[in-house]
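Written out below as structure tokens is the structure these notes cover.
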Amino acid sequence: MELDPRIAGYSTSDESSFAYTSARDRWPSILQGAIADLFASSATLKDTEASAEAERIIEQFRELEAEIKSDGKLPPLWDDGSPDIADYNDELAQRNPTWLNVFWLFGECYLYRRIDTFFSRSVNWKGYDVFAQQKKSTCQSSKTAIVELAHRYKGIIDNPSPNHSELEALCFKEMCEICLWGNATDLSLLTSLTYEDIQKLQGSEARKAQEKNILVNDIPAAYNVLSEVRRERGTGGRVDIVLDNSGFELYVDLLLADYLLSTGLASRVILHPKSMPWFVSDVVPADLADLLLVLSEPESFFEEQNSKNSQNAGQTLTESEKTDLISLGKRWNAFQKSGQLILQENAFWTTAGSYWRLPHKAPGLFKGFQESDLVIFKGDLNYRKLTGDVQWDATTSYSKAIGPLGLGSGVRTLALRTCKADVVVGLAENQDEQVQREHGGNADPKARTWAWTGKWAVASFNDGKAI
Ligand code: F6P
Ligand code: MG
């Protein structure tokens with residue numbers, strides 16, 4: 001805590017913060033979703049011990065839900081043998097919070113860490129991902145956009161732009177923006193998305209219309225850096241992507257990784273997943289393996305969705321759509337085999353702290369980032385952690401708000417984030433107020449409701465290597 005910014009954080013007790021709604025409405029509904037998943041999974045089991053254990057886990061979910069609704073205290077986490085538990089419990093003892101009056105970032109991370117203990121302490125449900133079914137079905141609903149992008153991407157790599165050309169810079173920007181808006185499909189926020197909603201969010205028309213909603217767009221600066229590295233060294237550098245959500249977002253992250261490797265803007269891309277189910281939709285290593293499997297047999301995966309969704313019936317993949325998807329899967333497998341695409345786990349990503357703590361708490365990871373030429377942080381939670389999830393004035397510079405990862409840190413960061421929480425920095429004078437008016441004003445002048453919707457985005461770059 002002593003390493004975090006010395007500014008008040010967003011709290012679940014603050015009516016003008018999205019934290020308030022999150023704790024009261026969304027957390028209980030996420031827990032109910034998890035309970036429904038466990039019921040469904042255990043109903044298919046013949047093993048009576050596993051079923052009985054599922055009932056006990058369901059009971060723990062219910063207790064947790066009741067604790068939240070009654071504004072109970074957050075009890076210490078059960079020790080499941082992992083070293084991070086002690087840090088959680090130390091911080092808990094210092095904060096001594098109740099659910100409806102807790103620093104949002106800490107409370108929310110604690111929630112998912114606590115859920116994981118239900119499974120890690122079980123005998124039959126160890127490693128079970130209670131959000132896997134939701135991730136799978138949203139990925140199936142993303143079929144149209146997945147297919148469309150595979151086709152468009154083929155066009156891009158079949159007609160490579162000359163190095164350092166204006167065309168290449170434009171292409172890079174487009175790839176990053178696809179990657180940015182891929183973050184709009186987040187299961188923890190959009191719990192009630194229909195099939196049609198997902199299509200609208202992901203199509204290329206939607207992206208064009210949204211270009212004006214990128215309030216800060218530093219993507220060209222990131223291109224200049226990577227293109228300069230390639231020019232100087234005669235080969236591309238190292239790029240890290242701190243992943244966010246699985247399914248469609250992971251797919252577009254991999255498209256970006258492919259683009260970087262194919263153009264030589266990078267010679268190595270390191271992906272950073274979570275090591276346990278996290279914020280519902282975040283990528284765990286199994287999600288990457290699953291996506292590669294989907295691409296090797298797209299027909300059977302998307303066929304399942306067709307049978308569930310009558311609107312989609314009869315829309316089987318054409319031969320050329322199948323070929324596009326299968327060839328992407330082959331490329332990504334080959335990149336993995338050759339060591340150009342690497343998945344690297346680290347327990348730091350599921351700790352409760354902000355990234356102001358990164359140099360101290362995960363020095364190895366930090367050193368790796370200093371060696372990297374660009375570290376891309378995807379999504380809202382990463383942005384909250386980068387900025388400490390505290391009440392910065394919106395005109396605070398991004399480099400100041402990311403503290404120890406900012407100027408002089410030796411780390412170059414690009415945050416690609418659709419706004420789904422209160423904190424936002426790097427805006428021009430009065431831009432915050434102007435967007436709030438465009439969003440339709442607000443009864444409570446303190447509430448930054450425009451930033452809760454995922455409709456606006458920021459792409460913020462800081463060059464911590466600049467002298
Ligand atoms: O507010 C919705 C929320 O759960 C936030 O708590 C969190 O920051 C976000 O969703 C997760 O979004 P993302 O997947 O983009 O990190
Ligand atoms: Mg997420």
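All of the numbers you see were taken from the coordinates with simple rules; none came from a lab. Note that this is a predicted model, so its numbers are computed, not measured. Don't worry about glycine lacking a Cβ; one is built from the backbone with ideal geometry, like all the others, and counts go over all protein chains shown.
Jot down the radius of gyration and Dmax of segment 46-187, Cα atoms only, both in angstrom.
22.3, 64
How high is the relative contact order of the chain, in percent, with contacts defined as C-alpha pairs under 8 Å that are six or more residues apart? Don't skip to the answer; put the middle values down first.
Details: 747 pairs, mean separation 87.0, N = 467.
Taking the mean separation of contacting Cα pairs over the length of the chain, I get 19 percent.
Please sort 388-400, 418-430 by packing, taking for each peptide the average over its residues of neighbouring beta carbons within 10 angstrom, highest first. The partial results should precede the final answer.
Working: 388-400: 18.7, 418-430: 21.2.
With the highest mean Cβ count within 10 Å placed first, the list reads 418-430, 388-400.
Sort 3-13, 242-252 by packing, meaning the average of other beta carbons within 10 Å per residue, with the highest value first.
242-252, 3-13
Let me have the relative contact order for segment 234-311, percent, based on Cα pairs under 8 Å that are six or more residues apart.
Relative contact order here is 33 percent.
Starting from segment 94-137, pick out the trypsin sites (Lys or Arg not before Pro) whose DSSP state is loop and whose Cβ has at most 15 other Cβ atoms within 10 Å.
Within segment 94-137, the qualifying trypsin sites (Lys or Arg not before Pro) (loop, at most 15 other Cβ atoms within 10 Å) are Arg121, Lys126.
Rounded to the nearest 20 Debye, what is the dipole magnitude of the chain about its Cα centre when Lys and Arg each give +1 and Asp and Glu each give -1 at the C-beta?
720
Could you work out the mean projected area of the convex hull around the alpha carbons of the chain, in square nanometres to one decimal?
22.2
I'd like the distance between the alpha-carbon centres of segment 350-421 and segment 224-271, rounded to an integer number of Å.
Here the answer is 18 Å between Cα centres.
Quote the relative contact order of segment 354-467 in percent (integer), defining contacts as alpha-carbon pairs under 8 Å separated by 6+ residues.
31
Placing unit charges on C-beta atoms (Lys and Arg positive, Asp and Glu negative, everything else neutral), compute the dipole magnitude of segment 302-409 about its Cα centre in debye, rounded to 20.
Using only the charged Cβ atoms, the result is roughly 400 debye.
Send over the per residue convex hull volume for segment 18-130, Cα only, as a whole number of Å³.
89
How much net charge surrounds Val147 when only the other residues with a Cβ under 9 Å from the Cβ of Val147 are counted, with Lys and Arg +1 and Asp and Glu -1?
Result for the neighbourhood of Val147: -2.
Determine the calculated [θ] at 222 nm for the chain from helices alone, applying -39500 (n - 2.57) to every DSSP H run no shorter than 4 residues and normalising by the residue count; nearest 500 deg cm²/dmol.
Estimated from H runs of four or more residues: -15500 deg cm²/dmol.
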